[in-house]
Amino acid sequence: MKPRIAIDATAVAPAGKGHARSQRKLVESLAALGRYDIIAYVRTPEAAALLPSVKTNVLGSGKALGWEQIGMRKVLHDSDLLVTLGDRLPVGSESRI
C-alpha cells in the first residue's frame, strides 16, 4: 500500500504565481514519482483541473483560517503525511507535521 500524502494546494489557481506555482510543482513532482497516493486540497474546480494526475478535494472559497485550524487537522488524521508550504499549522497538531 502506498503512503497517502495530503498536500495543501489552496494557492493553486489558473493565473497563479509564486506560492501557487510552488504548490503546483510540488504536487506534480510527487505524483511523477508514482510512489505515493496523493490528494491535493484546492479551493476551486479550476484549480483541480490544473492537477489532472492526482485526486483533488475542492474546499471552496471559504476562509483560510477554517482550513488551517480545522481542515488541516482533519486531513492529517486521514493521511500519513500532510505537506503545507504555509506558515501556520493547526493549534494542537501532532509533532509529526
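The values are calculated or read from the model by the stated rules, or taken from the named source; none is laboratory data. Computed from a predicted structure; not experimentally measured. Cβ: placed from backbone, ideal geometry, glycine included. Neighbour counts: every protein chain shown. We work out accessible area using only protein heavy atoms, side chains counted, and drop any ligands, DNA or RNA first. Shrake-Rupley method; radii C 1.70, N 1.55, O 1.52, S 1.80 Å.
Could you list log10 I(q)/I(0) for the chain at q = 0.15, 0.24 Å⁻¹, which the Debye formula gives when each Cα is one point scatterer?
Evaluating at q = 0.15, 0.24 Å⁻¹ gives log10 I(q)/I(0) of -0.54, -1.37.
Among the aspartates and glutamates, which have Cα under 16 Å from the Cα of Lys17 when same-chain residues fewer than 8 positions away are ignored?
Here the aspartates and glutamates satisfying the reach criterion relative to Lys17 are Asp8, Glu28, Glu46.
Work out the FRET efficiency for Ala15 and Asp78 from their Cβ-Cβ distance, taking R0 = 25 Å, and round it to the nearest 0.05.
With R0 = 25 Å, the Cβ-Cβ based efficiency is 0.25.
Using modelled amide H (1.01 Å from N, peptide plane; none on Pro or chain starts), what sits under 5 Å from the amide H of Asp37, excluding residues fewer than 5 places away?
Close amide H contacts, sequence-distant or interchain: Arg4, Ile5.
Of all the accessible heavy-atom surface of the chain, with the other protein chains kept in place and a 1.4 Å probe, what percent is carbon and sulfur?
Within the chain, the accessible surface is 56 percent carbon and sulfur.
Taking the solvent-accessible surface of protein heavy atoms with a 1.4 Å probe, what is the per residue accessible area of the chain in Å²?
That works out to 59 Å² for each residue.
Using square roots of five times the C-alpha gyration tensor eigenvalues, list the equivalent-ellipsoid semi-axes of the stretch 1-50 in whole Å, biggest first.
20, 11, 8
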